[in-house]
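Student: Can you keep this structure in mind? I'll have questions shortly.
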Amino acid sequence: MHAVSGGEVAGILVAVFWAILVSFLAVALVRLAQTLKATTKLVADVTDQAVPLLADASAAVRSAQTQIDRVDAIASDVQEVTSNASALSTTVASTFGGPLVKVAAFGYGVRRALTGRKAEDVPAREPGRTVIVGRTVPAARRKNRGK
């Protein structure tokens, strides 16, 4: 029988250690390869699903832009109608406003003349009174307030 020396035992231990290390590295590389395959498949699936979603989003944005253009056209038309209505209102007020006031005043004068009322029969307004937020303040009190 042959006796095993200390160097040979050390060599056997180093060889076993290297075998175990290589086995762990091989297992780690196999798992890393599986992870990379799964990641590649996941990226491909996401790409397959993202492309139609991006196409739909692009179509939605185009449709929204078309609707915004329509609303803008409607808003400009409304603004034009508003300015036309304002001009018409000003024209009507200047054309009929003055004569209508004169006709109303004339009608009031005629009615007063026909009913026989005199200016003395009409109650006069109280002079020197001011309305402040629903209250009436006499003139004398307003004068005292300034002192």
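The values are calculated or read from the model by the stated rules, or taken from the named source; none is laboratory data. Just so it is clear, the model here is predicted, and its values are computed rather than measured. Cβ coordinates were reconstructed from backbone atoms using ideal geometry, including for glycine residues, and neighbour counts include every protein chain displayed. Heavy atoms of the whole protein, side chains included, go into the accessibility calculation; ligands, DNA and RNA do not. Shrake-Rupley method; radii C 1.70, N 1.55, O 1.52, S 1.80 Å.
Student: Got a sec? Which of S89, S58 is surrounded by 10 or more Cβ atoms within 10 Å (Cβ to Cβ), among the small types (G, A, S) and modelled with pLDDT of 90 or more?
Tutor: S58
Student: Determine if segment 44-54 includes at least one residue that is of a type in the set (D, E) and open to solvent by 80 Å² or more (accessible area, probe 1.4 Å).
Tutor: yes
One line per residue, one yes/no per condition, for (1) among the hydroxyl-bearing types (S, T, Y); (2) assigned to a helix (DSSP H, G or I); (3) over 32 Å from the mean Cα position of the chain (by Cα):
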site	(1), (2), (3)
S58	yes, yes, no
A64	no, yes, no
A73	no, yes, no
V101	no, yes, yes
